[in-house]
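Coordinate-derived values only; no laboratory data. The shown structure was predicted, so the numbers you read here are calculated from the model rather than taken from an experiment. When we count neighbours, we look across all protein chains shown, and the Cβ atoms used for this are built from the backbone with ideal geometry, even at glycine.
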Amino acid sequence: MNLSLKQYRNIDLGIMLAMLAAAEVLINRAALTRFADELYVLSPTIAVVCIVMMRWGAYAAVHVIGGGLAMCIASGASAGQTTAYCVGGCLSLAAMALFKVWGKDKLRESTPKSLLFTAAAFLAAQVGRWLVGMLFGGTAADIVRLLTTDSLSLLFALVTVQLARKIDGLFEDQVSYLVRTQSERQRQQLAEGGEGTEMF
C-alpha cells in the first residue's frame, strides 16, 4: 500500500500520541497508588515531544497538549494546572530554534548538541508552565518546585533521546529519512540489476 506523505505523517503522529497518552495514564495511576508520597514525578512527554520535533517540527504541539491532558486527567489536576501543562508546555517548541543554528542533521549526529536540545526543550516547557501558572495564582518560587519535581523527567528525556539516536530513522527528520531510504533502495536495485546482467 502506497501512502502519501500526509497520510504517513498523520499515522506516525497518531501512533506517537496514543503511546504517549497511554504511558502518561499508566505512570500517573501507578504514582497515585504506589508512590503518592514521592517528591519527584516522571513524565515521558518531553522525551516524545523532542523526538516528534525532530521528525515533524511544530506538529509536536499536538503531543505537548495530548501528553499534558492525559497526565492531568489521570492525576486529577485542576483546570489551572491543566492549562499550564497544555498551553505553557508548548513553549518547549522554542527548542526548534536550535535546528536553525546547527541544522537537524548536525544536531542529530552530535551527542552534546542533542543533549542541549533536549535540555532546552525541558527548560522552556518548565518556564512556559510557570508563566501560565502565575496567571492562575502561582508564585515566583513555583519555578524551583517545577524544576525539582520534574528533574526525573529531564533525566528520562535525555536518556530516551540518546537511545532514539541509535535507532535508524527514529530521531531524524522524516522527509529526509524517506528521501534517504528511497535513494538507498534505488541504489540497491541498480546494484542487483547490474550483478544479474554480469551473470548472463
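Details
- Any chance residue 24 is surrounded by 17 or more Cβ atoms within 10 Å (Cβ to Cβ) and among the acidic types (Asp, Glu): yes
- Exclusive hit being of a type in the set (Phe, Trp, Tyr) and under 19 Å from residue 125 (Cβ atoms), set 8, 59: 59
- Summed over the stretch 41-78, the residues that are outside any helix (DSSP H, G or I) and polar (S, T, N, Q) give a count of 2.
- Among the candidates 185, 180, 129, 145, residue that is in contact (Cβ under 8 Å) with a residue 40 or more places away in the chain and of a type outside the set (Gly, Ala, Ser): 129
- Meets criteria (among the hydroxyl-bearing types (Ser, Thr, Tyr) and either surrounded by fewer than 15 Cβ atoms within 10 Å (Cβ to Cβ) or closer than 28 Å to residue 4 by Cα (or both)) for residue 153: no
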